[in-house]
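Structure first, commentary second.
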Amino acid sequence: MKTTPPDLSTAERDFYLKEFRGKSLLFALRAKDITAPRDRDVVREVLRALILNETRVILLVETNESTPERRAVEGLHTQLSHALNGIPAPVPLLPESDEDRRCLSILETLRTAPVFIGLWPAQARRPALQNARQLANRLTVYKLVILDPQGGLTASGAPLSFLNGSHLEELQAHGARGEMPHERHRQLETARLALEGGVASVSLCAPASLAKELFTYEGCGTFFTLTDYCQAERLALDDFPEAERLIQRGEQEGALKKRTPSEISQLLLHGYGARLGTERDLVGLCALLPYVADNAGEIAGLYTLRRFHGEGIGSRLVGKAITEGQARGLAYLFACTNQEGARRLFERFDFHQVTSDAVPATKWHAYASERKRTVSVYKRELAAITT
């Protein structure tokens, strides 16, 4: 069975387009942020891909009707119309109208077209971001995307790629104390209220990074969910193509060693994957490879996406492997790694560094001698679960 697509980036894009098919995505942006043709082109191409993918698109644009902003909106609409053989003209949304009326305006357009473009006056008393969040909750869209030239959030100069409910509350407390810019605090509040109101996820990114944020595993902004919903479960056959793409990414980053197709199949057959939510993509994986003659197991191929580092994904996977090893009555587990983060993770789970001859000799058959010199070997004795 061939599971590896020829182009990893294309495979990732197709994966996310499949996730978004038949769903509704609401985008909130300011016209002044797409006056640059390069930024506008990125937004246009993403919207075009989504619309052709049978994804419903709601685009809410804050504008002050200045000439540059009017041209930016008109240019985006014209370019989309040319690419999609005509789409409805932008609709001014009246701040004085009630929420139901604004929703009905969107629904009437979406009955016959795949995209709605609404214009919100920048001078309105109600902020555009608040209007976008209210409509996202009222319609319970699948995803809210907030576009801002500053991109995702940062803390102490480091990007915050993923935030769930507990982290959101912590950051909001900082914002309430005036420890972050007002606009960033407002975006955090918007994300929290949207999630609590039923939106599955929120993304915050720069217009120029929109394609990377929506169509790649790595992303390029801040991804919000209400809770982590992280589940580590045995990989099913239908998970294998997605899991193999994750292994490929780990190899490209140097976090995983290069493996043959046969070795990858072994990882998949004995693999466990971590997901955020029941319908979300894999964010990490590992395998528990059996060494029957030694009554042992190896935790191999441990990898998590960079944007979820520090979120406990690796811990869930290692914990799952330990539980499985105990349930099988294995005498011990071991792991080999040249990654400092993995070393610390194994040590937290009471693995101890040992010499290479303390694990099954078959581990080292056909193992590259150069790599063997660079890896650290960790081992943990297991006590079988008694019932």
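The values are calculated or read from the model by the stated rules, or taken from the named source; none is laboratory data. Please read these numbers as outputs of a predicted model, since none were measured by experiment. Cβ coordinates were reconstructed from backbone atoms using ideal geometry, including for glycine residues, and neighbour counts include every protein chain displayed. Accessible surface is based on the protein model in full, side chains and every heavy atom, while ligands, DNA and RNA are left aside. Shrake-Rupley method; radii C 1.70, N 1.55, O 1.52, S 1.80 Å.
Below are the figures for this structure:
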quantity: Angle in degrees between helix 128-139 and the longest Cα principal axis of the chain, rounded to the nearest 10; calculated: 70
quantity: Net length gained if the chain between A327 and R234 were fully extended (0.36 nm per residue, minus Cα distance); calculated: 32.1 nm
quantity: Average silhouette area of the chain, convex hull of alpha-carbon atoms, in square nanometres; calculated: 22.5
quantity: Computed FRET value (nearest 0.05) for E381 with E183, which takes r as the C-beta separation and R₀ as 41 Å; calculated: 0.15
quantity: Where C336, C205, C220 fall by accessible area, highest first, once all protein chains stay in place (1.4 Å); calculated: C220, C336, C205
quantity: Potential extension, T374-E340 segment - 0.36 nm per residue separation minus Cα distance; calculated: 11.1 nm
quantity: Segment 210-250 - accessible surface per residue (Å², probe 1.4 Å); calculated: 37
quantity: S369, S66, S156, ranked by accessible area, largest first (probe 1.4 Å); calculated: S156, S369, S66
quantity: Charge sum, other residues only, whose C-beta stays under 9 Å from Y332's C-beta, Lys/Arg counted +1 and Asp/Glu -1; calculated: 0
quantity: Accessible area per residue in Å² at 1.4 Å probe, computed on segment 1-125; calculated: 52
quantity: Sulfur and carbon atoms: percent of accessible area, segment 1-103 [1.4 Å]; calculated: 49
quantity: Folded to 0 to 90 degrees: helix 8-20 orientation relative to the chain principal axis, Cα; calculated: 60
quantity: I34 accessible area, assembled protein chains, probe 1.4 Å, Å²; calculated: 0
quantity: Rel. contact order, % - alpha carbon contacts under 8 angstrom, at least six apart, segment 282-387; calculated: 29
quantity: The chain, relative contact order [Cα under 8 Å, separation at least 6], %; calculated: 13
quantity: Virtual spin-label span in nm between E253 and T112, 7 Å along Cα→Cβ; calculated: 4.8
quantity: Estimated [θ] at 222 nm from DSSP helical runs (n ≥ 4, -39500 (n - 2.57)) normalised by residues in the chain, nearest 500; calculated: -12500 deg cm²/dmol
quantity: Long pairs among K32/K143; K143/K320; K143/K212; K320/K363; K18/K143, criterion Cα-Cα beyond 25 Å; calculated: K143/K320
